1. First compute the accessible area of segment 152-207 with a 1.4 Å probe, then give the percent of it belonging to carbon and sulfur atoms.
2. Give K102/K124; K183/K238; K124/K233; K160/K238 a once-over and call out the pairs whose C-alpha atoms are over 23 Å from each other.
3. Once the piece of chain linking F77 and E245 is laid out straight, how much longer is it, given 0.36 nm per residue of separation minus the C-alpha distance between them?
4. Taking 30 Å as the cut-off for C-alpha to C-alpha distance, list the pairs among K173/K246; K79/K207; K55/K112; K79/K141; K207/K246 that go past it.
Amino acid sequence: MIRKKVLCSSVILSAMLLSKLYSNPQTESIEDPYKQKLIAYAVSKVKERDSSPEKQLEAYYKTITFADECPPMENSFVKHKLSRYLSNFSFKKQQSYYLHEKAAKHLPSISKILRSHGIPEDFKYIPLVESGLDAGVRSHKGAGGYWQFMPQTARLFGLKVNSKVDERLNLVKSTHAAARYLKYLYSEFGDWTLVAAAYNVGGGSLKSSLRRQGVDNYYELRLNSETATYVYKLISVKEIIENPEKYGYNESLRISKG
């Protein structure tokens, strides 16, 4: 704590010194060696402050978005929760080579389909969170396929699901159906973060929570544990896929392990 206070005081003093040296009229030449040393010291302290791990982390947090919406990182609870999930989804915890391989293979085509329906590209991470892009995954409630549609929802948005055919297992067809569903949810909520939550919990259930609690912001809602973490998981998967080295992914190591 003492060290932090000393460093903070040093940075403030450096900034004041820079301001004074550059703003006050100087009778002597700025080439004076003593003044040059003072300026160099002040500049180095400001750079040291701005390049500290804490400052770099703060700057990085400001770049995090989902569907072009910024999580309220000024909220300490949101910041702490997102930091925890970013850590949980890091390569150190997940050994996520398979996620990166499947993302590289399937996300470009998923993105293209979503864009054709006017859906923000970040929704392409739903299949990674829902099924790990494994069509064979099936929940105990009966949800299945890449997008983990329940049979009735799948049929409602244009998929065939019967004893002979299950189009939830078709990536292209199920992605078009998911896009139609997401577009419908946006017409209901008008907010993409709430759309993501509704995809997980269901539109009717989310509407009930919004009405009962009198809020219209995902980050302020009290929801079941799965839905309360859903958007954090989507953001975390997005970050580890788009910034793999930051989270410990090493392509050369994967190749060497073959």
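1. Values: 1380 of 2670 Å².
Its accessible area is 52 percent carbon and sulfur atoms.
2. Table pairs above 23 Å Cα-Cα are K160/K238.
3. 57.9 nm
4. Over 30 Å apart, Cα to Cα: K173/K246; K55/K112; K79/K141; K207/K246.
The values are calculated or read from the model by the stated rules, or taken from the named source; none is laboratory data. For clarity, every value in this text was computed on a predicted model and none was experimentally measured. Heavy atoms of the whole protein, side chains included, go into the accessibility calculation; ligands, DNA and RNA do not. Shrake-Rupley method; radii C 1.70, N 1.55, O 1.52, S 1.80 Å.
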